[in-house]
Amino acid sequence: MSSINVRPYTLDDFEGLLDVQKEAFPPPFPEDLWWSRDQIKAHVTTFPEGALLAELDNVVVGSATSLLITYDGKPHTWEEVADDGYIQKSHNPAGDSLYGIDLCVRPSYRGKGIAGALYEARKETVRKLGLKRFMAGCRIPNYHEYAKHLDVDSYVKAVEKGEIKDLVLTFMLKQGLRPLQVMSNYLEDEESLDYAVLVEWRNDQL
Ligand SMILES: CC(C)(COP(=O)(O)OP(=O)(O)OC[C@H]1O[C@@H](n2cnc3c(N)ncnc32)[C@H](O)[C@@H]1OP(=O)(O)O)[C@@H](O)C(=O)NCCC(=O)NCCS
């Protein structure tokens, strides 16, 4: 069995990272939200500890990008928290929370623990930097299948109870992340009806 290797990414990894994005975020997800070379360059220069990829047999199969913020409880959009994917204006080196702005795994490599390994690395970063928490705006890509009959809060509760499986939120809950609030107009995301659930994992060493 090959083992998953999680390591910081550099600009040299751009092509592999873009391939993962293309496969993980196919239409109707907007192409202009896939990473550009300039954005990857900005991640590795602004906060290299937050720029992680996972590889299997030297193939890039997943990535997870984060920055530091100070959480103030207010709802926000992806564009605001991620500085439209560049993190330069939104990254606060003195922040108390690691905030994930990207998590993706190639479809043919899913269910093998790759995102789980990236999450372990994120938790380790929270512990190492002595931060309060990890948080992220979690997509709910299966919500569009239920939206006719369920409002978004009821959908999130049903996923929490295990009555509905959501590709991303079910995964996040398994990682020990807990919903804090539902945010509307978070990201142009047809499948999630532009909603995201702000989820949190508290540093278990504090
Ligand atoms: C969410 C995502 C990153 C999970 O990646 P992953 O590498 O499949 O995650 P893991 O293998 O660590 O865990 C996936 C869970 O899904 C389930 N699963 C099993 N086989 C699966 C498959 N073929 N495809 C998807 N999920 C599967 C398992 O229940 C597994 O849980 P387990 O730990 O109990 O086994 C991935 O589905 C993805 O890239 N989605 C699209 C991009 C996206 O929306 N990202 C989130 C942005 S907020």
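The values are calculated or read from the model by the stated rules, or taken from the named source; none is laboratory data. What you are looking at is a predicted structure, and each value in this text was computed from that prediction instead of being measured. Positions of Cβ are backbone-derived with ideal geometry, glycine not excepted, and every protein chain shown enters the neighbour counts. For accessibility, only protein heavy atoms count, side chains too; no ligands or nucleic acids. Shrake-Rupley method; radii C 1.70, N 1.55, O 1.52, S 1.80 Å.
For the chain, what does the helix formula give at 222 nm: sum of -39500 (n - 2.57) over DSSP H segments with n ≥ 4, over the residue count, nearest 500 deg cm²/dmol? Before the final figure, lay out each step's value.
Values: 6 runs with 56 residues, N = 206.
Value at 222 nm, helices only, nearest 500: -8000 deg cm²/dmol.
Give the relative contact order (percent, whole number) for the chain; include only Cα pairs under 8 Å separated by 6+ residues.
Values: 379 pairs, mean separation 41.2, N = 206.
Computed value for the chain: 20 percent relative contact order.
Placing unit charges on the Cβ atoms only, positive for Lys and Arg and negative for Asp and Glu, gives segment 5-202 a dipole magnitude near 960 debye about its Cα centre. If you take the alpha carbon atoms of segment 78-206 and fit the smallest convex hull around them, that volume is 114 Å³ per residue. Computed from point charges on the beta carbon alone (+1 for Lys and Arg, -1 for Asp and Glu), the dipole magnitude for segment 87-169 about its Cα centre is near 320 Debye.
How much accessible area per residue does segment 1-135 have, counting only protein heavy atoms and a probe of 1.4 Å, in square angstrom? Spell out each step's value before the answer.
Details: 6310 Å² over 135 residues.
The answer is 47 Å² per residue.
Express the carbon and sulfur contribution to the solvent-accessible surface of the chain as a percent, rounded to the nearest whole number, probe 1.4 angstrom. If you can, show how the numbers build up before the last one.
Numbers: 4930 of 10190 Å².
Taking all protein chains in place, the chain shows 48 percent carbon and sulfur surface.
Peptides 3-16, 64-77 ranked from most to least packed by the mean count of surrounding Cβ atoms within 10 Å: 64-77, 3-16.
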